[in-house]
Amino acid sequence: MLSACVVVDHRPRRRGSHPHGIDDVAKDENTIRGNLSDNPQERFIDLPLPENQIMATYVWIDGTGERLRYKDRTLDYIPLKPKGKFTLMMENWDKKVMETMLSKITYTKSAMYLPPYDYYPRNLENFFQAECKLRPKRNINVFDENLKDLPIISYDGFGTQQAIQTDSDLYLCPRAIYRNPFRNGNHLLVMCDTYDKNLDPTPTNHRVKCADAYKKCHEDEPWFGIEQEYFFLNKSDSRPLGWPKGGFPRRSDQYYCGIGSDKFAGRDIVLAHYRCCLFAGIPVYGTNAEIGPSQWEYQVGPSVGLHAGDDVWMARFVMEMLASEYGVQVTWDPKPFEAWEGSGAHTNFSTKQMRAENGIEHIEKAIYKLRNVHEKHIEAYDPHGGKDNERRLIGTHQTERICTFSAGVAERFCSIRIPRIVAEQKRGFFEDRRPASNVDPYRAIDALMRTCLLNEY
């Protein structure tokens, strides 16, 4: 099993058999990297750094709305570990300090509350109690309270399809911090959103709108759990990992949660990802093999409000980095192979009212609201306005047709599934099965909060 601290090296290296013998079905292609001990960076990973210096990896969504980019920045201090996660914020909160900070930077009206805080709530104590009630329990070792210490940095927006060549400076604003599983020590992963030269959100920065919705309904305590499906591909020819040359694997009902090297490929990568996410502070609830061979799923959450979007994006980043380390590709395409199962990002949603006694009534009301805005949600549930889901939501392979809205108990051919245990206990959550695997989670979360809680969608 891979250690939580993994070194990522994108340079070519000698290939061979993995020490743990990743699935026999993939050996014929040599798609899995050689023994990790051959990694030359292991000779340097433990070199001591100057005192109080750490490496912060800034991660952001590029102009496609579905791909991630990253760059590193050296910080000359080590962020404090959680003190009482929000106690530190409260202690340091001073209106005069805030006003002084804001006076030093020119903000547009729409983005005036950039780091260290999204906005200035009137009732600070109640706000933080409601917004992050579960956050300290579920995201241990996430250094969110130090966002105020992280610098806003610039990057080349032309290189990320977000700006023209002659005016390309854009800005990265830190939003969530995680431990870095790829480096020893106190190094960080920083999830950012993006702003143009006027500090207005870029077109693919959907986090701002999601944050606005969450601000309005945080007292309802919206929880999200997102089931992220994906395929592993052979790097040389983009063929699914472990699939036979020039053909397809046999149809079988034994792939889902199956055991044995003939049932799945890439298990070591999946386990490494699981451990790395938990180390980083990403609340991964579980993982399993999916219906298609070489198709897998991990579940992120439960996370509160827009923080679920941060967690999903960072979990994708960790998976991309690990896949690169093992010499394979990961695809988030919702329908990479026409005749086989597609991939979704099924989104489980609940509120304080739904989780309470007789919460099933609130679940049914929410489903009724979703029925009335089905087309708008379809547009938000993949990065191309529904075009990707047209290939996936076809009424087969455990999906409903894209033009139809339906709901049912324990029914996976519906748009909305109510788990059987929820129907029996008459409270809990429902599963929206429409979001594609490449959905921007901020958009899906925003759509559900605005429809089910704010009646705005």
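Screening Arg427, Arg420 for residues that are surrounded by fewer than 18 Cβ atoms within 10 Å (Cβ to Cβ) and either more than 23 Å from the chain's Cα centre (by Cα) or outside the structural domain of Glu229 (by TED's automatic domain parsing) (or both) leaves exactly one candidate, Arg420. Residues of region 223-238 that are out of contact with any Phe, Trp or Tyr (no Cβ under 9 Å at 6 or more places or on another chain) and farther than 30 Å from Gly428 by Cβ: Leu233, Lys235, Ser236, Asp237, Ser238. Across region 178-217, the number of residues qualifying as among the aliphatic types (A, V, I, L, M) and at pLDDT below 90 comes to 1. Of the residues making up region 236-267, those that are surrounded by 17 or more Cβ atoms within 10 Å (Cβ to Cβ), assigned to a loop (DSSP other than H, G, I, E, B) and modelled with pLDDT of 75 or more are Arg239, Leu241, Trp243, Ala265, Gly266. Taking the condition closer than 24 Å to Gly309 by Cα and buried (at least 18 other Cβ atoms within 10 Å of the Cβ), does Ala407 pass? No; evaluated as a whole, the condition is false for this residue. Quick check on region 158-211: of everything there that is acidic (Asp, Glu) and in a loop (DSSP other than H, G, I, E, B), which residue is nearest to Met321 (Cα to Cα)? Once the filter is applied, the top-ranked residue is Asp196.
To keep it simple, each residue is scored yes or no on (1) surrounded by 24 or more Cβ atoms within 10 Å (Cβ to Cβ); (2) at pLDDT 95 or above; (3) of a type outside the set (A, V, I, L, M).
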| residue | (1), (2), (3) |
| --- | --- |
| Asn288 | no, no, yes |
| Gln295 | yes, no, yes |
| Leu306 | yes, no, no |
| Gly309 | yes, yes, yes |
| Glu325 | no, no, yes |
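In region 418-426, the condition of being among the charged types (D, E, K, R), assigned to a loop (DSSP other than H, G, I, E, B) and touching a residue at least 24 places away in the same chain (Cβ under 8 Å) is met by at least one residue.
Looking only at residues of region 202-235 that are among the acidic types (Asp, Glu) and in contact (Cβ under 8 Å) with a residue 40 or more places away in the chain, we find that the one that is surrounded by the fewest Cβ atoms within 10 Å (Cβ to Cβ) is Glu219.
Within region 399-411, being part of a loop (DSSP other than H, G, I, E, B) and either small (Gly, Ala, Ser) or more than 18 Å from Gly386 (Cα to Cα) (or both) holds for Ser406, Ala410, Glu411.
Residues considered: Thr351, Thr287. Of these, the only one that is β-branched (Val, Ile, Thr) and touching a strand residue (DSSP E or B) at 6+ places or on another chain (Cβ under 7 Å) is Thr287. In region 273-381, counting only strands (runs of 3 or more DSSP E) that sit wholly within it, the ones holding 3 or more residues that are of a type outside the set (A, V, I, L, M) and within 25 Å of Lys209 (Cβ to Cβ) span 295-304, 345-350. Using the structure shown, decide if Ala444 is outside any loop (DSSP other than H, G, I, E, B) and within 14 Å of His362 (Cα to Cα). Judged against the criteria, Ala444 is not a match.
The values are calculated or read from the model by the stated rules, or taken from the named source; none is laboratory data. It should be emphasised that the depicted structure is a prediction, and the values quoted were computed from it without experimental measurement. Using ideal geometry, Cβ is built from the backbone for each residue, glycine included, and neighbour counts are taken over all protein chains shown.
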